[in-house]
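Novice: Here it is: the structure, laid out below.
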Amino acid sequence: AKSQKLSIVLRCFPEPPDLRRELERFRGVPGEMKLSAEQVGVLAEEMPTPEMLEQMRAQELMHPTLKWDRPEQYLRALAKVRHYSSRLQTWAFLAKVEEATEIHAQLDKIQTGLQALRQSKVLRQFLGVVLAVGNHMNAGTTRGGAQGIQVESLLALDQIRSTATHRGSLLGFVVWNMEKRMPGAIHRMIADLLQPLQGARTVCLADAQQQVGRLLGEGLGALESIQNVVDRLLPEAVTRPLMQDCLLAAARGGVETARGLGEAVGATERAYLETGAFFGVGSGKMPPSEGFFDRWCQLLVALRAQADTGMGVWDAGRVPGKG
């Protein structure tokens, strides 16, 4: 299984001697990384145990002319590097840290979407009208006197039809009411909100949380591995400066970066829950972030359809409660 997996991923790798030199020279500097996090991760995962390496060395002694297949050539070359396991583990972790910095851009999309929702004055006015209409319709029932409204309920408004002859939806009536008071307000709100919400719905906050959690765990493992090597090395050991001053320091820096990403994810999660509370949704009822933003996008699309085509329906019909 190791040979088959490595055969696939090693097709675009440097030759075994060149890769060995890369590992020996690796100092933990991001710009030095010529392999992706996935590539180095595969090497770290597929390296054989010391027992397997001993068996390979025994085979070589018994059969001096033995030629290993390409995957085994890589494993034998890398195994000749001192502390190869700790070096590969640290290399794989630091490569993932470099790639994980894109998480900040993903979190920014969520924060931008949340900020757009909370700062939209027209959205607050729209929700106020919806809440007033809903409480009027539900007066005297257990659903009356609501203080907030969930986006799922807003989407359902488009399915509630009027009993008047024009058969417009309740959502259409709210849009008509707002457009009469503030012409163009609905379209302006959609223009302000749709793009940031579409960007935010492409990001899964839960995935970012899991990715950062795994990254931090791998970083702590790499840090412990390098620290164990340094603790065992004699002060005069040739590899001590590299392992202590370069790789150990780089691993520590990577762990701090991972912790910073964790803090950014935590801040985004708090902002997400606070936005839910802002709209009257308890933290236990908040859906996954991508679903939350997708529902808002669906609502904006429904609002645009009503503002574009539904106004005439209510202008031509009888407004409920009016003569």
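The values are calculated or read from the model by the stated rules, or taken from the named source; none is laboratory data. Here the structure is a predicted model, which is why all the values come from computation and not from measurement. Note: accessible area is taken over every heavy atom of the protein model, side chains too, but ligands, DNA and RNA are not part of it. Shrake-Rupley method; radii C 1.70, N 1.55, O 1.52, S 1.80 Å.
Novice: Taking P(r) over Cα pairs in 20 Å bins from 0, in percent straight from the coordinates, which label in (i) 25, 34, 23, 15, 2, 0; (ii) 33, 59, 8; (iii) 25, 58, 16, 1 is the correct one?
Specialist: Working out P(r) over Cα pairs in 20 Å bins from 0, in percent from the coordinates points to (i).
Novice: Under 8 Å for C-alpha pairs, at least 6 residues apart: give me the relative contact order for the chain, rounded to a whole percent. Display every interim value, and only then the final one.
Specialist: Details: 327 pairs, mean separation 81.7, N = 323.
Computed over the chain, the figure is 25 percent.
Novice: Now for a separate question. Roughly to the nearest percent, how much of the accessible area of the chain is carbon and sulfur, given a 1.4 Å probe? Kindly include the intermediate steps, with their values, before the conclusion.
Specialist: Values: 8990 of 17310 Å².
Solvent-exposed carbon and sulfur of the chain make up 52 percent of the total.
Novice: Any chance you could give the angle, 0 to 90 degrees and rounded to 10, that helix 102-119 forms with the longest Cα principal axis of the chain?
Specialist: Around 10 degrees separate the two axes.
Novice: Roughly how many Å² of VAL9 are accessible to a 1.4 Å probe, to the nearest 10?
Specialist: 40
Novice: Okay, moving on. How much accessible area per residue does the chain have, counting only protein heavy atoms and a probe of 1.4 Å, in square angstrom?
Specialist: Counting only protein heavy atoms, the per-residue value for the chain is 54 Å².
Novice: In the structure displayed, which of LYS121/LYS285; LYS34/LYS80; LYS109/LYS180 lie more than 27 Å apart, Cα to Cα? The partial results should precede the final answer.
Specialist: Details: LYS121/LYS285 24 Å; LYS34/LYS80 20 Å; LYS109/LYS180 34 Å.
Flagged as over cut-off: LYS109/LYS180.
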